[in-house]
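Since the structure comes first, as structure tokens, the remarks are kept for the end.
Bear in mind these aren't lab numbers, they're just calculated from the coordinates by the rules spelled out. As the structure is a computational prediction, the values presented were derived from the model and not from experiment. No Cβ is skipped: glycine too gets one built from the backbone with ideal geometry, and neighbour counts run over all protein chains shown.
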Amino acid sequence: MVDNFGAIGIILIFAILFPIVMLAIPKMVAPRKPGKEKETTYECGMETRGETWIQFKTNYFLYALVFVAFDVETIFLYPWAVQFRKLGTFAFVEMFIFIAILLVGFWYAWKEGALEWK
Amino acid sequence: MLFCFGLYGVLAKKNAIAVLMSLELMLNAVNINLVAFNHFLYNQTYDFNGVKHAILTGHVSALFVIVVAAAEVAVGLALVITIYRNRLSTDIDELDWLKW
Amino acid sequence: MNYALLAPEITLAIVAVVILAIGLMIPKGPHKGMVPLTILGLLLTMGVTGGQFAANVHGTFLNGMYYADNYASFFKLLFLTAALLVVLSSTEYVQKLPAHRGEFYALILFAALGMMIMAGSGDLITLYIGLETMTISFYVLVAYLTEDGKSSEAGLKYLILGAVSSAVLLYGISFVYGLTGSTVIAEVASSLGSSISPAIILALVMVLVGFAFKISLIPFHMWAPDIYEGAPTPVTAYLAVASKAAGFAALTRVFLIGFQQQVYGGSPEVVLAVLIAVTMIAGNLMAIPQKSFKRMMAYSSIAQAGYLAIGLLAGDQAGVKAVLFYAMIYVFANMGAFTVATLIANAQGSDQIKDFAGLARRSPFAAAVMLISLLSLAGIPPLAGFVGKFYLFSAVINQGWVSLAYIGFVMSMVSVYYYLSVVKTMYMEPGEGLPKIGLGGASKFTLFVTMIVTLFIGIYPTPLAQMAISAAKSLIR
């Protein structure tokens with residue numbers, strides 16, 4: 001028991017020290033030459049324009065919401081699909097009921113106009 | 001640990017969306033608990049028609065928790081959007097139209 | 001597996017989905033057909049549940065993960081009654097809402113379904129699913145008035161606080177699983193035996209905190225007044241009555257079956273007693289200065305949760321019976337009061353106590369129902385509330401908590417004061433210039449039913465008491 005947690009403790013100490021050391025080395029070793037090019041957010045690539053806090057269209061959020069809800073529901077399909085052969089007809093029917101209920105929800109989202117891009 | 005981080009986030013964060021993220025942290029702490037307990041403490045099997053099956057109560061519970069959490073967050077985000085439309089801010093501190 | 005045992009839940013689920021689908025098929029607009037359909041569905045489910053209750057069905061399935069016994073059936077009947085009264089009383093209110101569709105009724109039905117699952121669940125995860133089905137429906141219902149900033153603010157607050165409380169509850173559940181290797185309540189009990197350790201206490205406290213949020217025991221009550229005020233009035237009524245009863249249904253089963261030996265006779269019992277005492281005292285005192293009727297009712301419902309929890313503390317058959325009995329009459333008394341408040345909100349667009357001025361002249365019937373409901377909540381003798389409180393207090397005195405019963409008694413006297421201040425406004429103040437209150441058929445019917453039941457049970461409580469005893473017996477043998 002103690003041995004197991006001892007290992008975790010060592011990893012923890014190492015994990016805390018490692019980034020500190022890695023950040024400290026360049027601070028001490030690297031030469032410091034601030035310039036215009038250095039101050040930009042990204043040192044290479046296109047120059048950024050405008051505000052980063054731009055507003056997304058709310059339609060985008062609606063899509064995202066519908067996606068979040070339905071995407072996670074499919075989690076129940078995985079165990080069912082893996083054990084499909086063993087479970088038999090009953091589970092098959094059950095899963096159809098589940099999907100039918102989901103479809104009613106999807107239909108609702110459609111009717112309410114969540115899927116239209118205005 | 002993770003649970004406490006989440007709880008701290010819920011209590012201290014100002015942005016409604018950050019609060020929702022902290023909530024997710026709390027629920028994920030529960031998930032880790034459930035899966036870890038199942039794996040390390042109750043890693044048992046039982047015989048069913050001669051085939052070994054693992055007992056997966058914790059894992060299955062974690063699945064349910066994930067789904068419910070997603071539903072909850074979906075509703076939460078929808079509410080944040082309605083509030084944002086009403087007053088153009090998602091700052092929790094500004095929710096003071098109802099005072100106790 | 002015997003699917004007949006699940007008949008009430010299956011019926012209600014089908015009805016709810018069908019109503020949602022029908023709401024989509026017919027074009028937008030105030031369609032009146034939804035209400036009778038919803039009521040029909042609820043009555044059908046009530047019939048099925050009532051049949052189970054009368055037949056004294058007692059079954060468990062999936063290795064004890066779900067119960068169909070009289071205890072669950074009693075609570076199911078309670079939830080369905082509450083949903084029915086809410087649908088009836090909100091008919092006119094909902095017609096006025098913009099962009100009205102069938103989803104309001106579907107959500108009420110889904111919430112009822114979640115509560116029924118809570119009442120029947122014999123497994124902590126099933127219980128959690130039921131709880132979330134209920135609360136997620138409630139989040140949407142509370143924020144139903146999307147145009148009204150207050151309503152959506154209340155919805156978001158409820159969501160955050162509710163989600164935190166269920167996360168705490170769930171964390172407790174995960175510890176219980178870690179300690180016992182099972183989430184089935186009966187197996188948890190047999191695995192724990194009479195052992196007690198700091199880890200068990202921690203898990204127990206987390207579960208208690210999670211539930212205390214749902215039933216709004218002080219100090220976990222902060223959400224109640226805000227959410228009650230912001231929510232649409234019929235939803236407030238439903239929230240106050242049904243979600244609280246559902247919390248009690250689940251909490252009682254978890255405590256009395258799962259942790260019976262850990263909770264009773266030890267320190268958790270004392271913690272619970274202190275919570276109850278604080279809830280009764282502070283809930284009643286904070287109700288006094290309130291100016292909004294819904295806020296006042298929120299604090300009053302906090303106090304009522306304290307009274308109900310007394311029966312849980314007693315923890316024997318008499319205590320459970322008292323909880324069941326009181327929860328049922330609380331439904332009728334509270335629904336009566338809130339139906340009148342809905343009428344006022346509909347006519348005057350506000351819910352301050354001063355808006356009730358001259359109600360006795362403007363609508364004598366509504367004022368009378370309000371009077372009877374409030375007096376029943378306060379526990380004045382000829383009414384149902386008195387009998388309920390009598391059962392509760394006598395149950396807890398038998399367990400030796402005389403001081404708690406004494407506090408409860410004194411605090412009910414205090415509650416008379418603020419209930420009567422509403423009555424005084426209704427009967428004594430002229431209320432010049434306020435509109436007459438028109439009663440629609442559905443609200444008239446609701447008011448009539450609540451009044452008759454409150455009076456009838458007050459005078460002749462035996463039938464309901466018999467039902468409650470039979471339900472309590474199925475929980476504790």
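Worth a mention:
- Size descriptor, Kirkwood hydrodynamic radius, that averages inverse alpha-carbon separations across the protein assembly as shown, Å: 26.9
- Rounded to whole numbers, the Karplus 3J(HN,Hα) couplings from phi for the range C:407-415 are 4, x, 5, 4, 5, 5, 5, 4, 5 Hz, using 6.51 cos²θ - 1.76 cosθ + 1.60 with θ = phi - 60°, and x at Gly and Pro.
- Inter-chain shielding of C:139-146 (mean C-beta neighbours from other protein chains, 10 Å cut-off): 3
- Take A:89-99, B:10-20 and order them by the average number of nearby Cβ atoms within 10 Å per residue, most first; the result is B:10-20, A:89-99.
- Projected label distance in nm at C:V205 and B:K52, using a 7 Å step from Cα toward the beta-carbon: 4.1
- Peptides ranked, highest mean first, by Cβ atoms within 10 Å: ranges C:251-260, C:122-131: C:122-131, C:251-260
- Computed lengthening from A:W110 to A:I11, 0.36 nm per intervening residue step minus Cα-Cα distance: 30.6 nm
- Theoretical FRET efficiency, 1/(1+(r/R0)^6), r = Cβ-Cβ of C:Q261 and A:A24, R0 45 Å, to 0.05: 0.20
- Averaged over the residues of B:34-46, the number of partner chain Cβ atoms lying within 10 Å of the residue Cβ comes to 3.
- Proximal charge balance of C:A242 [Cβ under 12 Å; K/R count +1, D/E count -1]: +3
- Cα gyration tensor shape of the range A:58-111, rounded if a/c is under 1.5, else prolate or oblate by comparing a/b with b/c: oblate
- Label separation (C:S421 vs A:F84): 6.6 nm, computed from points 7 Å beyond Cα along the C-beta direction.
- For residues of C:172-178, the mean tally of beta carbons on other chains within 10 Å: 6
- Computed label-point distance, nm, for sites A:L102 and C:K291 using a 7 Å Cα→Cβ extension: 5.2
- Karplus-derived 3J(HN,Hα), 6.51/-1.76/1.60, for each residue of the range C:165-171, Hz, glycine and proline x: 5, 6, 5, 4, 4, 5, 5
- Pairwise FRET efficiency - C:I452 versus C:E429, Cβ, R0 = 35 Å, nearest 0.05: 0.80
- The range C:82-166: C-alpha gyration tensor shape, a/c 1.5 cut-off, then a/b vs b/c: oblate
- Cα gyration tensor, the range C:245-304 - rounded (a/c under 1.5), prolate or oblate: oblate
- Links that overshoot a 25 Å alpha carbon limit, given the list A:K111/C:K244; C:K157/C:K214; C:K150/C:K244: A:K111/C:K244
- Spatial offset of the range C:98-176 relative to the range C:231-274 amounts to 16 Å, using the alpha carbon center of each.
- Helical runs assigned H by DSSP (4 residues or longer) give the protein assembly as shown a calculated mean residue ellipticity at 222 nm of -24500 deg cm²/dmol, each run adding -39500 (n - 2.57) before division by the residue total.
- 5 angstrom amide H check on C:E429, placed H, neighbours 5+ away: C:G358
- Highest average packing first - A:7-13, C:420-426, C:321-327, Cβ atoms within 10 Å: C:321-327, C:420-426, A:7-13
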